[in-house]
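Read through the structure below, which is laid out as structure tokens, and then see the notes.
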Amino acid sequence: MNKNNEKIELDALKSKIVELGRIPVHVAIIMDGNGRWAKKMGLPIKEGHAAGVRTVKKTVKIAREMKIKVLTLYTFSRQNWKRSAQEVAALMSILSSSAIREVEELYREGVGVRISGDLAGLPALQRKAMGMIVKRTADRKELILNLALNYGGRDEIIRATKTIAEEVAAGRLAPAEIDGETIEKNLYTAGLPDPDLLIRTSGEMRVSNFLLWQSAYSEFYVTETLWPDFDHAEFCKALLEFAGRDRRFGGRKAV
Ligand code: IPE
Ligand code: IPE
Ligand code: MG
């Protein structure tokens, strides 16, 4: 298909989604497949991650265009430290250089960056770069770009549990008062709505320790497409599928 036809088709897809009027407020993505993409292209792994960043840029653009309010991207998991020192170093370097390169454009576009994860566990350079981008874009609210970074769903719940236990031990909270809200306000994602749509690229059918609490009623969408190949049309296909889903939250509609 030539470029012009592709654009016509994409515009039609976008209009259809808007017409259906069921755009998710919060989209969360497990950006998987950079390694496989690099292998497929005969390139070193770090080139796969660099290509992944280019897809992040495109995804932020389409998310803004489609008026999505929160975009959470699984950027680096607590478990990803298990990879080779070389790969981890490449990922860290891409992270800080992208933050420094993109900060002003994100600011201009109204994108507020937020981090969900253990920032203190990052190397000093990355900690500083992420602190800088969060601070610079703090008052930007058109789209919240929430980066799950040095993030693990179980670790997040353990951390919340510890804070709550300390509150109880200090006599500021009674165990009987603990409810969903108590947990939520102690998660990294405090104040953000739960993801409506959770996308995973590269075909793997698992959650890999991502948003375990928050995804309780998220709609799952898995595509075989590798993250570096995930373009606007792919993103819109996921939105279209979401628009047609029947969300029940455990209830039953009148028959
Ligand atoms: C996802 O791509 C990026 C990160 C985990 C940081 P992968 O690097 O996991 O890609 P595959 O799974 O090896 O293809
Ligand atoms: C999940 O992908 C983590 C990120 C996308 C950052 P992984 O590639 O680490 O997940 P597994 O190892 O296939 O479960
Ligand atoms: Mg992977």
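The values are calculated or read from the model by the stated rules, or taken from the named source; none is laboratory data. It should be emphasised that the depicted structure is a prediction, and the values quoted were computed from it without experimental measurement. Every residue, glycine among them, receives a Cβ derived from its backbone with ideal geometry; neighbour counts consider all protein chains shown. These area figures cover heavy atoms from the full protein model, side chains too; ligands, DNA and RNA do not enter into them. Shrake-Rupley method; radii C 1.70, N 1.55, O 1.52, S 1.80 Å.
Observations
- Residues that are open to solvent by 30 Å² or more (accessible area, probe 1.4 Å), within 22 Å of residue 141 (Cα to Cα) and either modelled with pLDDT under 95 or among the β-branched types (Val, Ile, Thr) (or both), drawn from region 85-114: 100
- Here residue 63 meets each of (1) more than 11 Å from ligand 1 (Cβ to nearest atom); (2) within 13 Å of residue 147 (Cβ to Cβ); (3) open to solvent by less than 10 Å² (accessible area, probe 1.4 Å) with one exception, condition (2).
- Residues that are surrounded by 15 or more Cβ atoms within 10 Å (Cβ to Cβ) and assigned to a helix (DSSP H, G or I), drawn from region 115-124: 119
- Single residue of region 160-188 satisfying the filter (open to solvent by less than 50 Å² (accessible area, probe 1.4 Å) and in contact (Cβ under 8 Å) with a residue 12 or more places away in the chain) that is nearest to the chain's Cα centre (by Cα): 188
- Per the listing 203, 191, the residue uniquely open to solvent by 40 Å² or more (accessible area, probe 1.4 Å) and on the phi > 0 side of the Ramachandran plot is 191.
- Search result, residues across region 112-127 that are in contact (Cβ under 8 Å) with a residue 12 or more places away in the chain and farther than 18 Å from residue 190 by Cβ: 121, 122, 123, 125, 126
To keep it simple, each residue is scored yes or no on (1) acidic (Asp, Glu); (2) more than 16 Å from ligand 3 (Cβ to nearest atom); (3) farther than 22 Å from residue 204 by Cβ.
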| site | (1), (2), (3) |
| --- | --- |
| 23 | no, yes, yes |
| 26 | no, yes, no |
| 42 | no, yes, yes |
| 64 | no, yes, yes |
| 70 | no, yes, yes |
| 77 | no, no, no |
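- Test: residue 247 is in a loop (DSSP other than H, G, I, E, B) and open to solvent by less than 70 Å² (accessible area, probe 1.4 Å): yes
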